[in-house]
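Only one structure is covered here, and it is reproduced in the block below.
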Amino acid sequence: MLARLNAQTVRFDVGQGGGAPSLTTSDIAAALGMVPAGLGREVMEAVYLPDGAIRHRGKLAEAVLAIVRPEFTRRARALAEAEDDLSFSKEMVSLSRRSMSDAQRRILRDREAAVERARAKAWPKNTYQHLSRMVDAVVLELASGNRCEECRGAGVIEDKGCAGCRCTGIEPLPDMRRAAAIGCHRSDYPKRWKDVFEWLLAEMNQSGEMASRQFSRAMSNHDGSPQARAA
């Protein structure tokens, strides 16, 4: 439906047999206007209405930044806190001026393990510089229509996250293709960018699907019977 709002060389506003169409482009545009502004609507338009979305590409970038920044900060703060806890524990051992006890060793091992876990989850410091290309790559994947066969695009199976697509609902592309799409070395992608990309894919897909459902509900209100339309 949204594709009908793109620039066309073929007319879609004429019904078969010369009758009036059940839905006009005005109906579609009005339904689109009923979808709240935000990430979901921007993603939906970028996927299904690229001709219109390209005119306000900045809105999609702003909406993506609005969800990426707090997540980036949360992960960076978790790493900083884990490192601070480890430094504190080491300093406490040093101040005791005694041989390290078993309890202190356990504490240090736990703190070191916490640092490693937080470091693995933290995103690269130059994430923002790569964000634009990642957004473009995500939009292309969402537009491909390659839904995960295991969960049929739902992202969940029996109320559990789908392991096949990591809850994205999209059939995963090979790491090599995603690395090329975002402009990084193929050996660098799994280590530094895979977690960022898959998180962004899941968030944008979820928001876009929510906006699509809102659009569908608005469309159903416009797709009334002739009597309702006459009223």
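The values are calculated or read from the model by the stated rules, or taken from the named source; none is laboratory data. Just so it is clear, the structure is predicted and the values come from calculations on it, not from any experiment. Here the Cβ positions follow ideal geometry from the backbone for every residue, glycine too, while neighbour counts run over all protein chains shown. Note: accessible area is taken over every heavy atom of the protein model, side chains too, but ligands, DNA and RNA are not part of it. Shrake-Rupley method; radii C 1.70, N 1.55, O 1.52, S 1.80 Å.
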Pop out the carbon and sulfur fraction of the accessible area of the range 79-187 as a percent, whole number, probe 1.4 Å. 49 percent
Give the lysines reachable from Lys194 as a straight Cα distance under 19 Å; neighbours fewer than 8 places away on the same chain don't count. Lys121, Lys125
When ranked by the protection proxy of mean other Cβ atoms within 10 Å per residue, highest first, what sequence do the peptides 93-106, 141-154, 167-180 form? 167-180, 141-154, 93-106
Given 0.36 nm per residue, what is the gain on full extension from Asp84 to Arg109 after removing their alpha carbon distance, in nm? 7.6 nm
From most to least accessible, 1.4 Å probe, no ligand or DNA/RNA atoms counted, Lys194, Lys121 line up as Lys121, Lys194
Computed ³J(HN,Hα) along the range 142-154: with the Karplus parameters 6.51/-1.76/1.60, θ = phi - 60°, integer Hz and x for glycine or proline, the list is 5, 6, 5, x, 7, 6, 4, 6, 5, 10, 6, x, 7
From largest accessible area down, sort Lys59, Lys160; use a 1.4 Å probe on the protein chains. Lys160, Lys59
So who's got an amide H within less than 5 Å of the one on Arg147, skipping anything under 5 residues away but keeping other chains? H placed 1.01 Å off N, in plane. Glu171
Separation of alpha-carbon centers, the range 76-130 and the range 155-205, rounded to whole Å: 28 Å
Each residue of the range 129-139 in turn: what ³J(HN,Hα) in whole Hz from Karplus with 6.51, -1.76, 1.60 and θ = phi - 60°, glycine and Pro shown as x? 5, 9, 5, 4, 5, 5, 4, 4, 5, 5, 4
